[in-house]
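Input: a single structure, listed below in structure tokens.
The values are calculated or read from the model by the stated rules, or taken from the named source; none is laboratory data. Since the model is a prediction, treat every value here as computed from it, not as a measurement. A quick note on method: Cβ atoms are made from the backbone with ideal geometry, for glycine too, and the neighbour counts reach across all protein chains shown. Side chains are part of the model used for accessible areas, which takes the heavy atoms of the whole protein and leaves out ligands, DNA and RNA. Shrake-Rupley method; radii C 1.70, N 1.55, O 1.52, S 1.80 Å.
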Amino acid sequence: MLQRFRHSCMMAVSAVALLSVPCVGHAASLPPGLTEQAIGTTVERARQAFNVPGIAVAVVHDGDIVFSHGYGRRAEDKSSAPVDRRTLFAIGSNTKEFTTTALAQLVDQGKLDWNDRVIDHLPEFRVADPSITRDFRVSDLLTHHSGMGLGAGDLMLFSHSTLTRPQILAGLPFMPFTAPFRTQYAYNNLLYVVAGALVERLTGQSWEEIVQKRLIDAAGLPACQSTPRVKGQTNVATGEGETGILPDKAALRLPGVAPAGGIWCSADGMARWAQTYLNGGRTPEGRQIFSQASRDTLWAPHALLPLPDTAEATKTHFRAYGYGWFMEDFFGQKRVWHTGTIDGMVSYMTFLPESRTAIVILTNHDDHNATYAIATTLSAYVATGASADWVAHWQDAENAAHAAEAKAAASTGPGSPARPFITLSESTQQDYIGTYRDDWRGPITISRRGQDLRMAFSHADGLTGTLSALPHDLFVVRWDDRGQDASDDSYVQFERDVSGQVVGMNMRVIGSDFSFDAQDLHPRKVSSSFSEEKEAKRL
């Protein structure tokens, strides 16, 4: 249902109360250069080009939510209900700005300084280098310049992981550094989990409670929550590859990843969040949730990033990361933005503060090209009154990438004529069977079921797969859950000692999912026997 907010005398329904929005004496309208037709045409073209079942879009301008609309359906199932402006989507890494805003509130209260050492608040905090541990500041948790590699530790957070936040923090010292401290950008979710733990330590409450009460409820964000969706909630999107089966609230398990990517929200909820940010931390009713000084700190460049491939086309001369936000110049204006990908969904939030405009995009398909195309197009209309064909741009890029991947798989990929799989005898298979232990991810088991070797991760709800052999102790693990894990099929290279005994393994994802950071695993064999029943009880 299309919703245009022509006047500011509206009623916004939050999770806890009816909030009266005061009259401001003017009719709300879209920003100059942007029209409803341009929005609808762009969204539908992107939805078709990238096979996105459902999309929700909202626009904030000059203090008002001037556009909020759902397109398509809530799930891959063609009979699923339509998306509307209150449909819940997983917003993924757009959660990060909620975590940094929760920290900003503590700064506003004098309980924290961005330059505080982390160990002064979390004495158990450790990274691989003791000298870096001693000098690690709160700000270092937030800027993706720690020196850890891209996506380091994500296997503790995603891929069906059931690890708790304390267990995740315990694995942090085993994460390798791939660059000097504070020198190179590498996106990191793990340290945002630490930031969430810091919020919990300083408040004495869970991250979920703080974000829900002090941010979502305090700002009156409708259809927005800090916890996953549960049974009984009907207006909920289902991500690509998901079943859509919701858990009972009593059995709800809070994911360790939540401070980095756990919030579920609607277009209306995120639009009101954008209103609060554009208004310097103040709600439309005048309630100050966080200070404008803190907003400006979060939106200030704190670490430089490489320029994007599109820099020339968008007249972008710098890109940086603040605290939970990207920022760059965009056709002569400052643009602040962030994306989020989780549970088969992708979100995008972008601001043009000088135009007093924000755009929210929520999708239920794991393809960032759709959100990039919509966000860049609509932002260009606001900034310049015109736009290049960004849908075609990213569709061409995606098609070229798929073609290259298919060519490589057919010519030199595992199972291709150049690298055929081989069949191992049962006695040879026995060499690999057993329990392996990685310092940060824990036990991994190799067992035999029928004629197949099987791999299973501990502390995971279903990260299991079948091993297919290539020559020289090299295998490919093909994960069972093809809906969610097919892109994470991985090479498994077993290692032998000088006596010929298998003593460990290394892994590397075949595709390009940086969050399946198998390359950082170094499991060592700790047992050469395996009983599925006994191992299940022990783990």
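In this structure the chain gives 40 Å² per residue of accessible area when probed at 1.4 Å with all protein chains present.
Were the residues from residue 404 through residue 179 laid out at 0.36 nm apart, the gain over their Cα-Cα distance would be 78.0 nm.
Take residue 37 and residue 320, extend 7 Å from each Cα along the Cα→Cβ direction, and tell me the distance between the two endpoints in nm. Placing both labels 7 Å along Cα→Cβ, they lie 4.0 nm apart.
Placing R0 at 41 angstrom, the Cβ-Cβ distance between residue 514 and residue 29 gives a FRET efficiency of 0.50 after rounding to 0.05. Helix 36-49 and the longest principal axis of the C-alpha atoms of the chain enclose an angle of approximately 10°. Tell me whether the stretch 354-395 comes out rounded, prolate or oblate; compute the Cα gyration tensor, take square roots of the eigenvalues as a ≥ b ≥ c, and use a/c under 1.5 as the rounded threshold. Because a/c hits 1.5 or more and a/b fails to exceed b/c, the stretch 354-395 counts as oblate.
Electrostatic bookkeeping for residue 389 treats Lys and Arg as +1 and Asp and Glu as -1; over the other residues with beta carbon under 12 Å from its beta carbon, the sum is 0. Carbon-plus-sulfur accessible fraction, the stretch 407-504 (probe radius 1.4 Å, protein heavy atoms only): 49%. Please give the helix 390-411 orientation as an angle from the longest Cα principal axis of the chain, in degrees from 0 to 90, rounded to the nearest 10. Compared with the principal axis, the helix lies near 0 degrees. Counted residue by residue at 0.36 nm each, then reduced by the alpha carbon distance between them, the extension gain from residue 412 to residue 246 reaches 55.7 nm. Measuring nothing but protein heavy atoms, the accessible surface of the stretch 180-311 at 1.4 Å probe radius is 50 percent carbon and sulfur. Figure legend: label point modelled 7 angstrom from the Cα of residue 235 along Cα→Cβ; residues of the stretch 44-65 with amide N under 14 Å from it are 56-57. Taking packing as the residue-averaged number of other Cβ atoms within 10 angstrom, the listed peptides 336-342, 471-477 run from highest to lowest as 336-342, 471-477. Surface composition of the stretch 58-109: carbon plus sulfur atoms contribute 45% of the solvent-accessible area (1.4 Å probe, protein chains only, all chains present).
Using the Karplus relation 6.51 cos²θ - 1.76 cosθ + 1.60 with θ = phi - 60°, the per-residue 3J(HN,Hα) values for the stretch 318-328 come to 8, 9, 8, 10, x, 10, x, 9, 8, 8, 6 Hz, with x marking Gly and Pro.
Once the Cα-Cα distance is subtracted from the 0.36 nm per residue extended length, the residue 472 to residue 128 segment shows a gain of 120.6 nm. Each label was represented as a point 7 Å from its Cα along the Cα-to-Cβ direction; for residue 307 and residue 452 these points are 4.9 nm apart.
Could you work out the percent of alpha carbon pairs in the chain separated by over 40 Å, rounded to a whole number? Of all Cα-Cα pairs in the chain, 25 percent lie more than 40 Å apart.
FRET efficiency for residue 354 and residue 205, Cβ-Cβ distance as r, R0 = 25 Å, nearest 0.05? With R0 = 25 Å, the Cβ-Cβ based efficiency is 0.10. Other residues lying with their Cβ under 14 Å from the Cβ of residue 413 contribute a combined charge of +2, Lys and Arg counting +1, Asp and Glu -1. Sequence-ordered 3J(HN,Hα) estimates for the stretch 98-111 from the Karplus curve with 6.51, -1.76 and 1.60 and θ = phi - 60° stand at 5, 5, 5, 5, 4, 5, 4, 4, 5, 5, 4, 7, x, 8 Hz, glycine and proline given as x.
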